[in-house]
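This report concerns only the one structure given below.
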Amino acid sequence: MFEVLNLNVVIYYLSLHGAVIAGNKIFHAPLDSKSEMMLHWILDYPTKSIVFEIHLPRLDLQWFAIGFSDRGNYFPADYCVLSAGWNRLNFEDTWADEDGNLHLDNTQNCNNFQHKNSRSTTKFTFTRKFDTCDEHDYIIEEGTTHIVWLRGRGPLPSVEGFNLRNISKQNEGMIRVSLLKNINVSELPPYVMHYDVVVDKVRVPAEETTYWCSVRKLPTRFKKKHHIYQFESHIQKSSEGVVHHMEVFHCFAPANVEIPLYDGSCFASERPPETNVCKRVLAAWAMGAGPFTYPEEASLPFGGSDFNQYIMLEIHYNNPELISGLVDSSGIRLYVSDVLKDMDAGIMELGLEYTDKMAIPPKLNQFPLFGYCVSECTAVGLPQRGITIFGSQLHTHLTGAKIATRHFRNGRELPLLNYDNHYSTHFQEIRRLKSPVTVLPGDALITRCDYNTEERDNITLGGFAISDEMCVNYIHYFPATSLEVCKSSISDQALQTYFRYMNEWEGQPTSSSLGISDNYKAIKWNKMRIQLLLEVYGESPLSMQCNMSSGDRFPGYWENTPITSILNPLPPTPRDCTNL
């Protein structure tokens, strides 16, 4: 019924119309767990637009909608709808309100529609601006994009007023992708070899969510130091729709320490506790991501005499259709060489200390926490010429919704280091920055995380458990320095003052004899107590972790450190709506 141009024709079509395609790079991601429906896209940065192409099984469909929403909900959302009329196909820009009713958009921004049928596949393509300046259109920006789709076999005489509430589960779906890829990467030299970190014939459970962990020892050749030049996914074809994201962790321990081998659920009681040290991220991939290539100047070290020889692969299987009988041997392919680059790259942790001192009250649509890397720490921890940040991995747990790291020099704000306004913990990847960022000694970095605890009945504490929360930006930079952790929490004195106030003035059963967690849990939260906690976090001095790779703090007094002063904040980036 539907028709579309194939991708070669799309590229030819765009070249005829003068568009400069981003190196003709085609990105793709499966829309469903069986990989029967595929999303392809090409970036056109000069015109700030994306060419999308959708591949569907050739079924007797009457309509298909693909679009975007803030958190993956099917409504409210922004949709492009393909439907079959009496004598023609209609392709219309629509939006769904909070009740699930579709509305035809006054300004049509699903442009350059083309369609074609092959023997077994239905295809269609269209172009969409990053920002159409239409109040009902989703703004495609850096970070995570939640793509939603719906389909139906019944007739769709008109999109106006059509209600989405009755769409069955098998006729809807959502994926998370990072659409605005960094396409400026260099080619690998011929002496680089690959090493596959993959699981071995895992029987994927017929459950919606599985986290599978596999701990293994490196081959003996990695007793010699190597550099990681690049990494990418290595996914079994039959598993493309269920492998959602993957991470390779180094088991950070002394080189001679033996770590038990393990294959099984990451959260199983039989997982050896010794494997909990396997948490330093070496590589991370999420659905739709291409290869991550290190810059020419530096790469992450891998192996060597002082490098513990154990690593762990973690795979998140997302199986909403509860497919059974799937056996998987996917993982991440590392491109490595013992031909070393000029410098080692390093990884530094920014944000909040892993402690229950930072907490989030329940039943809130939005609550921010701030983690500081203060100028006093970068002044003692960074070399005179500073460091160059080229990659970033933002991280929270289940209630995290937004993250951003801001950059300050002498109180003046510089451009954002990295941000994700639609963050999901179920979509972890290391992203190569489009523009490297230089951080000098004395600069400050502030990481803000916004949380949604509407589904929580009591306080959410900071900590390591998945039900706890984190706020971290793992920055990848060169040259490697001894500064590994630059994170904060509220000072002990300020927090105890808050608990004492809660007891003396609010009648809450907090007490100096209770621990921090129990004091938080004892409070019955209302708007005033939540607002006061927010103000205490925003005004109190800090307890700083300004730590070397040894775990020791840099010399200095790091308790009751003042919060970073912001003298000249960066104004909001204006939207370019003049030529639309």
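The values are calculated or read from the model by the stated rules, or taken from the named source; none is laboratory data. Just so you know, these numbers come straight off a predicted model, no measurement behind them. Neighbour counts are summed over all protein chains in view; Cβ atoms, including those assigned to glycine, are modelled from backbone coordinates with ideal geometry. Surface accessibility is based on the protein's heavy atoms, side chains included, excluding ligands, DNA and RNA. Shrake-Rupley method; radii C 1.70, N 1.55, O 1.52, S 1.80 Å.
Per-structure values
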read-out: Nearest 10 degrees, 0 to 90: helix 492-506 Cα axis against the chain principal axis; value: 80
read-out: HN-Hα J in Hz across segment 364-379 - Karplus 6.51, -1.76, 1.60, θ = phi - 60°, x for Gly and Pro; value: 10, 6, 7, 8, x, 10, 10, x, 10, 10, 7, 5, 4, 7, 5, 5
read-out: Cα gyration tensor, segment 201-330 - rounded (a/c under 1.5), prolate or oblate; value: oblate
read-out: Phi-based couplings in Hz for segment 29-43 (Karplus 6.51, -1.76, 1.60; Gly and Pro marked x); value: 7, x, 8, 9, 5, 8, 6, 7, 10, 10, 10, 10, 8, 10, 8
read-out: Gyration tensor (alpha-carbon) shape descriptor, segment 46-105, a/c threshold 1.5; value: oblate
read-out: Anchor LYS225: lysines whose Cα lies under 26 Å away (excluding residues fewer than 8 positions away in-chain); value: LYS217, LYS279, LYS341
read-out: Where GluC sites (Glu not before Pro) fall in DSSP loop in segment 225-301, at most 16 other Cβ within 10 Å; value: GLU258, GLU270, GLU296, GLU297
read-out: Tensor-based shape of segment 89-207 (alpha-carbon gyration tensor, a/c under 1.5 rounded, otherwise prolate or oblate); value: prolate
read-out: Longest exposed-site-free window of the chain, the sites being trypsin sites (Lys or Arg not before Pro) in a DSSP loop that have at most 11 other C-beta atoms within 10 Å; value: 225-384
read-out: For segment 498-519 versus segment 548-580, the gap between their alpha-carbon centres in whole angstrom; value: 31
read-out: Computed lengthening from ASN568 to ALA379, 0.36 nm per intervening residue step minus Cα-Cα distance; value: 66.0 nm
read-out: HN-Hα J in Hz across segment 425-440 - Karplus 6.51, -1.76, 1.60, θ = phi - 60°, x for Gly and Pro; value: 5, 8, 9, 9, 7, 8, 10, 6, 5, 5, 10, x, 10, 8, 10, 9
read-out: Hits among lysines - C-alpha to C-alpha of LYS524 under 22 Å, sequence gap 8 or more where chains match; value: LYS357, LYS363
read-out: Tail fraction, Cα-Cα pairs, the chain, threshold 35 Å, whole percent; value: 43
read-out: Helix-only CD estimate at 222 nm, as mean residue ellipticity for the chain, using -39500 (n - 2.57) per DSSP H run (n ≥ 4); value: -2500 deg cm²/dmol
read-out: Sulfur and carbon atoms: percent of accessible area, the chain [1.4 Å]; value: 50
read-out: Reachable lysines from LYS48, criterion Cα separation under 25 angstrom, eight or more residues apart if same chain; value: LYS25, LYS123, LYS129, LYS181, LYS402, LYS434
read-out: Mean accessible surface per residue for the chain, computed with a 1.4 Å probe while every protein chain stays in place, in Å²; value: 45
read-out: Between helix 7-16 and the chain: long-axis angle, C-alpha atoms, 0 to 90°, nearest 10; value: 90
read-out: Rg and Dmax [Cα atoms of segment 341-477; Å; Rg one decimal, Dmax integer]; value: 15.4, 52
read-out: Beta bridges per DSSP with both ends in segment 347-470, % antiparallel, nearest 5; value: 95
read-out: For the chain, share of DSSP beta bridges that run antiparallel, in % to the nearest 5; value: 95
read-out: Helix 527-539 axis, angle to the chain major axis (alpha carbon atoms, nearest 10°); value: 70
